[in-house]
Amino acid sequence: MEIVPLADKKEFIAELAELHHAEWKHLNPSLTLEGRTEAIAESAGQEGIPSIFIATSGGQIIGSAALVHSDMDTKPNLSPWLAAVYVKEGFRYQGVATKLVTRCEDEAIRSNARAWYLYTEFASKLYEKLGWHYMERCEYRGVAVDVMCKQIAS
């Protein structure tokens with residue numbers, strides 16, 4: 001398995017957009033697949049914020065994670081955010097998400113972030129194991145989510 005910036009493997013943008021759209025379209029039903037593809041292409045920075053990293057194995061994309069300025073329009077004062085952590089079903093529970101999150105954290109550190117944030121519907125336990133702390137449970141776009149924070153060592 002290899003973790004690389006999506007900017008280095010742009011041929012995966014369309015597939016990644018399809019995976020993300022299938023997983024999260026309920027959080028933003030007005031966002032089309034085309035719009036999501038454009039947003040992913042724009043966020044595919046080589047480094048810094050925003051950046052998207054992908055995990056590949058055997059020439060295929062198996063997962064992703066992103067470091068973005070903002071991921072909840074209801075919390076504009078919080079930045080940066082871990083977002084779009086996704087692992088294909090056949091590759092889950094093998095440490096892929098942990099490696100992707102670690103790569104994003106390395107980028108957050110390089111970007112001089114002191115803390116970063118995420119929200120999740122289902123994966124709070126995973127993030128707690130990775131050192132994240134629960135901030136609150138709230139409704140976001142009609143979905144109950146946990147908002148979490150992690151301090152970044154300087």
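The values are calculated or read from the model by the stated rules, or taken from the named source; none is laboratory data. Note that this is a predicted model, so its numbers are computed, not measured. Positions of Cβ are generated from backbone atoms using ideal geometry, with glycine treated the same way; all protein chains shown enter the neighbour counts. We work out accessible area using only protein heavy atoms, side chains counted, and drop any ligands, DNA or RNA first. Shrake-Rupley method; radii C 1.70, N 1.55, O 1.52, S 1.80 Å.
I need the trypsin sites (Lys or Arg not before Pro) found in the stretch 67-105, filtered to DSSP loop residues with at most 15 other beta carbons within 10 Å of theirs.
88, 92
According to the calculation over all Cα-Cα pairs in the stretch 33-154, the P(r) per 5 Å bin from zero is 2, 11, 20, 24, 22, 15, 5, 1, 0 %. Measuring between alpha carbons in the structure, the pairs from 75/129; 99/129; 129/150 lying more than 19 angstrom apart are 75/129.
Note on residue 69: accessible area approximately 100 square angstrom, rounded to 10, probe 1.4 Å, nucleic acids and ligands left out.
Surface calculation, 1.4 Å probe, protein heavy atoms: residue 96 sits at approximately 10 Å² accessible. Hull volume per residue, based on the alpha-carbon atoms of the stretch 9-97 and their convex hull, is 107 Å³.
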